[in-house]
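What follows is a short report on a single structure.
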Amino acid sequence: MASVSGATSSLGNTSLRGYGGFGSGIDRDSIIEQMTAGTQSKITNQKNKMTSLGWKQEAFQAVSDKMLALQDNYFSFASGTNLKYPSMFAKNQITAMGDSDITKFVSATGSSNMLDYLSILGVKQLASSSTLQSASKGTSSIHTGITQDSLANPVYKSSLLQGRQLRFGTYSGDQYQSAGIFTFPPSYKDKDGDGKDITVSIDYTIDLDAAVEVDGVTMTGGEKLAMQLNKALSQSGIKSGEDSISDVMEFVYADGKMNLQTKAGKTTSLVINSSSSALTALGYNPQNADGTDKTVSDGISLSEFNENQKQLNDTYVNRQTMTQYLTGKKLTISFGGQTKEIELVKSGDRFADLDDLKGIIQGRLNQAFGTDNIKVAGGTDSLSFELGSNASPNQTLTVTSDNAEIRNVLGIQKGASNKLNLEGSIRDNIDKLIPDGPDAEAKRAQFLNSLETDGLVINGVKISGVTADTSIQGMIDKINANKDVGVKASYLSSSNQFVLVSSETGSGREINLEGASVDIFGAIQINPEDSLESSADKLTGGNGADFLESLRTGGLVINGVTIADVTKDTSIKDMIDKINENEATGVKASFSSSNNQLVLEALESNTDGKIELDGASNELFGIDRGNGGFIQGKNAQILVSYGNGVNTMIESSSNTFDLEGLRVTVSQEFGELKQTNGIWTSVDKSKAVTFSAKADVDGVTETVKKFIEEYNEMIKEINTQVTTRPDKAYGPLTEEQKDEMSEKSIENWEKKAKQGLLYNDATMRALSLDMQGVLTNLMANGANYKDLEEMGITISDDYLDGGTITFDEAKFKAAMTSDPEKVSNVFTGGGDIKKGLASIIEDTLTPYATKYANRNGNSYGRLIEEAGSEKIPLSIMNNQIYKDLKEMQSVLDTLNARLASEQDRYISQFTTMETLINQMNSQASYLAQFQA
């Protein structure tokens, strides 16, 4: 019996799913493709239609996008080149005329019909912001912890741990493999409350049993030290296997010992090398109970380390007297632009008490910075540094050390200064924000409580994020970042005062303080009705007692003249009156409420201007106490003449004035002005400033030139789309066709296929005809074609180009120079022209494409409704072509589903046939055995 499987087939894994032709030898896929060719043809045709429609949409958008761009650039109120604005063509290039030494302070823009008559006779005053200057901050002395008692008593601690090392590693037999070395660092990196990077010093000499607060949590000093060491450990980079060492182990302070424990759920093979220099300081006992050394040839495990600990308090610091500690130690001192290191106690120095030590240090300071520029002061309770008699009161003195331990021992902050430390927190600067004086500690506590409960409030606005731990600079930054406060804050290091300046100039700008802000930014308030005794500290910067004693013993003496009947009970006002009543002094006294200061001025009779002060008078008048004060902002005032013989004093809250359409800005006071019987006049009218104006010929010419170029590009696009016939020999390519072509060939083909898609389109024909009638429409609105020719604007001679405009730049410039108003009328309408060229073009384009549907019967225009535009997002999925493409996609989906169904049906039928053939072949093979 013959077998039907004699034919061979190349079929195996085919383009259709499954396998076909193994049994029959039939090319299944080719047959199925032929049987489904009708449906496949419909799919191809549908795809081609969609591609053509998509190209047509792009062609519409190529036109509408140019139309919308033209409107955006030249007809929009938001555009700086709006040709509908008469101001574009107006004489708005303003020049201040007059004395060049005066006109440099005046600038003007805009335009005004009064330009030929306006003149500025003078500037009486410029606008200024309201200013609040705080009382002087800071402290006259920088105190240390060096006292008479500390020189002999062993109460000062220096760390035995900082800079020492723990060496971690593993042992394999006798071989030690290092995993890393942890050096106990002076500090670690962290984040402050604002998320800024900061460096935190580790307090290695902290009292281990003292209660301390960290981020609102109370703990012992030992627990704080362990916490800081763990943060440093996490930044060491040491690994335990794949883990960071800080993920595996941690320092734990408990029962007076500093243990090193594995974390819950973690194990480690790391041991501590017995040569580690930090072991002794951490309290590790290397000896057995009998005094023999422990055998640690394979390292010290964490459990061995923890089981052999002494009390940390006995090992972590070295306790010394202040004299012992200071020997060889240096402070970094800055003054007068110089920074030098001063060794406090040298080996071999001999001193019996604190006064002797002061003398030694004073000698070194005199040698380093000059005699009496820096003074070593203080009684037996504390050695301090302050400005000497030869130093200016406003100079800055800084005493610090890079070594945190030295700072801790001496009780000084990093960057300690007689001025505020801007990098330090509000809490750290509390003694400078609220200086020493009566009830100073109570005032400081009240201030911190107010800051905590009510925050920092300025002009009724709470500055968020300001706490006692915020740095001074951080506080200033937060104020300046809050626009609602209406002020800008700064710190004047020269006078050691804060300044708040209103954000806006002009009178009436208030700066109101509440609560804690009063203590920081407020001025010292002095009431002239108060007695000298009650105001003594305020008047003298805290030297009230010395002033009152000097007043009692020597009286008030000015220029050698004693002012009679001035005692501690005399009011400030009465004292001023008594000084002014005594002409022999040759001075006039007054009280300045703006800065809360007493002021002396030499009288005209005092020909040499001499003011000599003595004793009590020097305390009152001799020094600027930095009491601060509020200065109200001022309005700017200028004297203007309108050419009618009447001068007008005009005010503005800023230095800019609007004078009949002219925007004038002044930057300096000038002119000698006087007022007689309520009428302001100028003493020297030669200093008056007048104005001349001309059109911006070059700027307008360039704008109009670009406009016509873009307009012509749009016209050419419209004309090309309308007049180009399609070549029916070209159409969308199938994927199979593209596979056989190069990219360049595909590009050229599709470029040809896209041409003529809008040929004879009704909307495009209507648009083209409307655009060709633009200049005709302009003539109908009163324009004269001859005038257009004179300014270089004419219609193209080629009637086939769709209505482009020709532009003669030279003629246009000449027209703008000689008669800018005529040019303006042509573009904007005016004079005999009812509607200008810009409005006519805009009105012509709007029915076809506009971003403002409300101007066109709630329609974005015919082109947008047809094809949409990415420039109008709402139209992208709301246009006719999009809807058509959506419907066509639905048809395509149906055809694809039909094709899949047909293929599945035929595949099933062929599979059944192949199964039957295989069965027949098997039977034939079986029967062939018997025949053989």
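The values are calculated or read from the model by the stated rules, or taken from the named source; none is laboratory data. Because the structure is a prediction, the values reported are computed rather than measured. In this analysis, Cβ positions are derived from the backbone assuming ideal geometry, glycine residues included, and neighbour counts consider all displayed protein chains.
Before moving on, here are some points about what is shown:
- Subset of region 481-502 (residues that are loosely packed, with under 15 Cβ neighbours inside 10 Å and within 20 Å of the chain's Cα centre (by Cα)): A481, K483, D484, K488, S490
- Residues that are closer than 26 Å to I198 by Cβ and in a loop (DSSP other than H, G, I, E, B), drawn from region 453-464: G455, S464
- Considering each residue of region 821-831 in turn, at least one proves to be basic (K, R) and either touching a Lys or Arg at 6+ places or on another chain (Cβ under 8 Å) or farther than 19 Å from Y74 by Cβ (or both).
- For region 527-551, the set of residues classified as over 16 Å from P435 (Cα atoms), crowded, with 21+ Cβ neighbours inside 10 Å and aliphatic (A, V, I, L, M) consists of L532, L551, listed by residue number.
- Residue match in region 672-683 (condition: touching a Ser or Thr at 6+ places or on another chain (Cβ under 6 Å), among the small types (G, A, S) and assigned to a loop (DSSP other than H, G, I, E, B)): no
- In region 355-413, the qualifying residues are those that are among the β-branched types (V, I, T) and in a loop (DSSP other than H, G, I, E, B), and the one that is modelled with the highest pLDDT is T371.
- Residues within region 684-724 that are assigned to a helix (DSSP H, G or I) and hydroxyl-bearing (S, T, Y), tallied: 6
- R350, sole failed condition from (1) in a helix (DSSP H, G or I); (2) free of Cβ contacts under 8 Å to residues at least 12 places away in the same chain; (3) charged (D, E, K, R): (1)
- For G628: the one exception among (1) within 37 Å of the chain's Cα centre (by Cα); (2) modelled with pLDDT of 85 or more: (2)
- Neighbours by Cβ (under 8 Å, 6+ apart or cross-chain): first from region 437-459, over 21 Å from F498 (Cα atoms); second at pLDDT below 90 and not in a loop (DSSP other than H, G, I, E, B): P438/D537
- Check on D190, loosely packed, with under 15 Cβ neighbours inside 10 Å, acidic (D, E), closer than 23 Å to E405 by Cα and touching a residue at least 24 places away in the same chain (Cβ under 8 Å): yes
- Of residues in region 144-174 being assigned to a loop (DSSP other than H, G, I, E, B) and touching a strand residue (DSSP E or B) at 6+ places or on another chain (Cβ under 6 Å), the one surrounded by the fewest Cβ atoms within 10 Å (Cβ to Cβ): P154
- Per-region count, region 761-804, residues crowded, with 20+ Cβ neighbours inside 10 Å and without any contact (Cβ under 8 Å) to a residue 12 or more places away in the chain: 0
- Scope region 20-62; condition in contact with a Phe, Trp or Tyr (Cβ under 9 Å, 6 or more places away or on another chain), farther than 19 Å from P873 by Cβ and in a helix (DSSP H, G or I); matching residues: R28, I31, I32, M35
- Residue that is surrounded by the most Cβ atoms within 10 Å (Cβ to Cβ), among those in region 555-573 that are over 59 Å from the mean Cα position of the chain (by Cα) and not hydrophobic (A, V, I, L, M, F, W, C): T562
- Only residues that are within 21 Å of S417 (Cα to Cα), exposed (fewer than 15 other Cβ atoms within 10 Å of the Cβ) and in contact (Cβ under 8 Å) with a residue 12 or more places away in the chain were counted in region 353-375, giving 2.
- Taken over region 374-423, the criterion of being in contact with an Asp or Glu (Cβ under 9 Å, 6 or more places away or on another chain) and β-branched (V, I, T) is satisfied by I374, V376, T380.
- When restricted to residues that are under 30 Å from K478 (Cβ atoms) and at pLDDT below 80, region 517-537 contains 3.
- All conditions but one from (1) more than 25 Å from P847 (Cα to Cα); (2) touching a residue at least 60 places away in the same chain (Cβ under 8 Å); (3) surrounded by 15 or more Cβ atoms within 10 Å (Cβ to Cβ) apply to E809; the one that does not is (3).
For every residue, the table says whether it meets (1) within 28 Å of A849 (Cβ to Cβ); (2) touching a Phe, Trp or Tyr at 6+ places or on another chain (Cβ under 7 Å); (3) not in a helix (DSSP H, G or I).
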{"position": "T763", "(1), (2), (3)": "yes, no, no"}
{"position": "L778", "(1), (2), (3)": "yes, no, no"}
{"position": "A783", "(1), (2), (3)": "yes, no, yes"}
{"position": "K822", "(1), (2), (3)": "no, no, no"}
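- Looking only at residues in region 709-732 that are within 21 Å of I881 (Cα to Cα) and touching a helix residue (DSSP H, G or I) at 6+ places or on another chain (Cβ under 8 Å), the one that is surrounded by the most Cβ atoms within 10 Å (Cβ to Cβ) is I718.
- For A264, the conditions (1) surrounded by fewer than 16 Cβ atoms within 10 Å (Cβ to Cβ); (2) under 26 Å from D402 (Cβ atoms); (3) aliphatic (A, V, I, L, M); (4) more than 39 Å from the chain's Cα centre (by Cα) are fulfilled apart from (2).
- Residue match in region 377-398 (condition: touching a strand residue (DSSP E or B) at 6+ places or on another chain (Cβ under 8 Å), within 12 Å of I333 (Cβ to Cβ), crowded, with 16+ Cβ neighbours inside 10 Å and hydroxyl-bearing (S, T, Y)): yes
- Qualifying residue in region 822-843 (condition: more than 24 Å from L769 (Cβ to Cβ), aliphatic (A, V, I, L, M) and free of Cβ contacts under 8 Å to residues at least 12 places away in the same chain): no
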